[in-house]
Structures are given as C-alpha cells and as structure tokens.
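A short reminder: the numbers here are calculations on the coordinates, not readings from a lab. All of these numbers come straight from a predicted model, not from anything done at the bench. Here Cβ is always computed from backbone atoms with ideal geometry, including for glycine, and neighbour counts include all displayed protein chains.
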Amino acid sequence: MPTTAELQILLEFPVEKLTVEYKSWLKLDENPGRAILAKAAIALANEGGGVIVLGMREDNAQGGALGSQARPEDIARYSQDDINAAINRYADPQFHCELAFANHPGTNLEHAFVMVPGGMIVPVMSVRGCDGVIAPQKCYVRKPGPRSEEPFTAEEWRGVMERCIAARRESMLDAIRIIVQGHGSPAPAPVAIDAGQVGEQAAPEHAQDHGNPARPVERVAALVEFERAALDRWNQLIRDLPADDDARMVLGRYEISFELIDVAAAASAGELRRRMAVASQVKLTGWGPFVQLSRREFEPRIVNGNVEAWLGEPVADRMARDSAHCDYWCANPSGRFFLLRGYDEDTINGVEPGSIIDITLPIWRVGEALLYASRIARNFAENPRMSVHCRFRGLNNRRLGAVDRMRRFFMDDTRICHDAEVELSTAATAAEMDDNLIEILHPMLGPLYERFNFFELPLELVRAEVGRMRGNRF
C-alpha cells in the first residue's frame, strides 16, 4: 500500500494520467455511482493498474483545475466491501481493489483512494450496462486525455493483449517457482554479498552471477568511486542546512547503486535523461526510484558530467519535505546510477522515528529499484549484465516492526539490530532481474533481516510482497 505522503502528493498536485483518475464523491448505493466507479476501474485494470482518487472535482472558478471537495452528508464513508461490490457488479473477471484514505494537505478534507490492480491475464469486460455510463459486454481502456473508452484501433488492442500476455508469463514463472522450490531445489539466483561482513575491498573476490567469473576489480572499484563521489556531492548540497533538517536524514537512510556492464555509453547527458524518463513511465508506487519533478528547484541538472537531482531544497509551499522525500540521485552516461533516500518508517504517523525497519518495505524499495534497473538497462542494450550495491545506514537499536497496524500484532518486539549499517550486493542480467526478481531479492536481502536477532526472511513473504508491488500502477 502507498504511504500517506504518497497519497497526499496525488491530492496536492492533481494531474490526470493513464494510471490516475479523479472522480467526485459517488453514491455507491445507486447504480449510476457504481457504474461510474466500475468503468474507471475496468479501464485502469486493462491499463495495468492504477489509482482512482475520490472527492476531487473540476472548479470552474479556478479555470477547471481539480479541487478538494467535502464528502456530502448523504454519502457514508466508503468501506472496502462497498468499493469491491460496486466494481464487481459490472466487471468480468472480478478483481479485488484496496481502499485507503488520506487528508488533503491544504483543505484537510479526507479523500478516498481505490487501488486498482494490474496483472490481468485476460481483458476485463463489463457484464451489464447502466444508461449513459457503461455498456454491457464492452472492454474499456485508458486513452490520452485521459479518458476511459473502448479500444478501437489495432494499436489499442495490442496494448491490452500485450499486458495480458506479460501477466500470463509472470503467472507461468510463479508456477514454475512453486514446482521447483516445492521439491527443495531453488531456482538458480545470483549470489548475494554481505559486504558488511566481508568488507568493501573483499567484494570483487566474491561477486559473481550464475557461475560466471568474478567481476574484474576495476569494475567494482569504478562503482565504489562513483558512490563516493555521489556522497561527496550530497554532503556538499546539505552542508548549509540546519543540523536537525530532515533532508540530512540523521536517523538513517539507504543507498542503492548499480552499474551496467559492457554497454555503450549514452551519447549525451540529455539522451541519458530521456532514457531515464522512459524507464520511469512504469510507476509501481507513488514515489519510485529516480523521481523526476518538473518544479524548477527540483528538476534534473547536469553537474560534473552527471545528471543529478536533489529533492531536499528548502523551498516554500513544499509538501512532504521529510527524509523519505528528500532524495538525492545521480547518473552517468556510462551506465552508473546512484540513489539515496531516507526511511519511510521515520515519516509515518504513529511510528516513533528511528525506531523500526518495516518487515515489508525493504522488499518493496529494493525490488522496485531492481525493476527500474532492468528497464533502464534495456535502453542501453538488449540484455546487459549489471552489478548492484545497496547500503542501509542508521540501523543500530532499530527493531524489525510493521507500519501496518494489523501486522503489528504478529511482530516480535525482540528483533533488535545491533549493527549501525549493512551492505548488500548482487549481480544479474536485465532479464534475470525482471523474470527472477523473487529469487534475486530473497538472498540479497537475507543478511539485512538476519541482523535483527537472526530473523530468517521467509521466501513466501518476498513472493507475496513482490506480487502486490508488481500489481500496482501510479
């Protein structure tokens, strides 16, 4: 599920797009309201998933801009059952949507968010009609505008079918994993290196992927030097901030870097930015890796031959300026990338900052970064190999916990970390990152979870969370 801050970004900066639709409050006890919601959800499901934001309508006094609207007194607060009953009255096959709420940062009015899953293996159709809203036996998709309509052209139908084929392929891979792992023979996966144990200089000896020879020392050294230069640049940017400023991430942060092996460099910094924008078109969360914002203060720029962005600039009218949204990232045309970000756990209401590492968030954040790496790699070559390095800092005295209140009941408060940081590495091809993400993440993240009183990361937890993540679209 997205964080409250991610949902509030959709409210403060409302922009309708193929994966986000805004609606006024709907009466879900009446067929027209149900049909409006169902049509939007069917179109988003066929698009690969997305979010429906309820309680926003166009304000003619503001030139048609979307504005926050109070929920009418005759509309009760939605429940998840209300949402799914309304959608599945019209949808075939039926699918489950999740419901969340967040307050608008300006009006403080509560809004509802319907998270529509992707991953449909067949096109979703409407099974009944409602006059003026939805027609029976129709397939709806999202189109530029954006709007929800039937696919008419060959290109529009191809998009629907390609997404279904990709979902079937993922289901087939999941079935193979279950069969193989059920017989006690895990699918081959890249070796994960716990550099917190072996040390930075030892990594070249051990970092291998699928039996290939160890990476040459100079390749590892080049990535390490790129990381050091990026950290120096970040420290320069935060130098004049107050000591307790959130952008300093004093409670902790994580860093992810990766390097594409044996690829031709992008022709220019501008070409690199274009490739990164293409890779960012797939959004699995509201605040994915290598965020590119259009506001002048946060736009990517060229510094020292790299494309970089710092989202910690202290500017007026900035929402969600907390440690989890003050990223620094940089990328080099040669194929090296670095991302630094604070922990979501330190920004969530009801959770004491610096107290926990959530049991699921490392899976989501590192997993999303690896999928991004796979996409950007394919913009350099067909299926390049890559090296990945990840560092979690500020772990000392944190416990393995949960930001989800329902999950907290099942957590063991004794899972305490006594290390300040941990480093993790892996290596794989772009195709392996995409096809075998579960098998790559599980051994890679194992040493992080082990720091919390020898906790063994369950493979089933990784599989479940990766499935939820890949079904999201923002």
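Calculate the translational D of segment 193-470 in whole µm² s⁻¹ from Stokes-Einstein, where the hydrodynamic radius comes from the Kirkwood formula applied to all Cα pairs, the temperature is 20 °C and the viscosity 1.002 mPa s.
For the chosen part, D equals 112 µm²/s.
Please determine, in degrees from 0 to 90 and to the nearest 10, the orientation of helix 361-377 with respect to the longest principal axis defined by the Cα atoms of the chain, where the helix direction is its Cα long axis.
Once rounded, the angle reads 80 degrees.
Semi-axes of the equivalent ellipsoid for segment 4-162, please: Cα gyration tensor eigenvalues, times 5, square-rooted, ordered largest first, whole Å.
Semi-axes from the Cα gyration tensor: 25, 18, 15 Å.
Quick one: helix 217-238 against the long Cα principal axis of the chain, what's the angle to the nearest 10°, folded into 0 to 90?
Long axis of 217-238 versus the principal axis of the chain: about 60 degrees.
Give the angle, between 0 and 90 degrees and rounded to the nearest 10, that separates the Cα long axis of helix 154-182 from the longest principal axis of the Cα atoms of the chain.
The helix 154-182 is inclined about 50 degrees to the chain.
Among the trypsin sites (Lys or Arg not before Pro) in segment 235-281, which ones are in a DSSP loop with at most 13 other Cβ atoms within 10 Å of the Cβ? Mind listing them?
In loop regions of segment 235-281 (DSSP not H, G, I, E or B), the sparsely surrounded trypsin sites (Lys or Arg not before Pro) are Arg239.
If packing is taken as the average number of other Cβ atoms within 10 Å across a peptide's residues, how do 24-33, 116-125 rank, most packed first?
Descending packing order for the listed peptides: 116-125, 24-33.
Have a look at Ala420, Gly401, Ala464 and report the one farthest towards the positive end of the charge dipole of segment 193-470, computed about the Cα centre with Cβ charges (Lys/Arg +1, Asp/Glu -1).
Farthest along the dipole direction, towards plus: Ala464.
How do Leu66, Leu231 rank when sorted from fewest to most other Cβ atoms within 10 Å of their own Cβ?
Leu231, Leu66
How do Trp287, Trp234 rank when sorted from fewest to most other Cβ atoms within 10 Å of their own Cβ?
Trp287, Trp234
Taking a cut-off of 20 Å between Cα atoms, list the lysines near Lys27, but don't count ones fewer than 8 places away on the same chain.
Lys39
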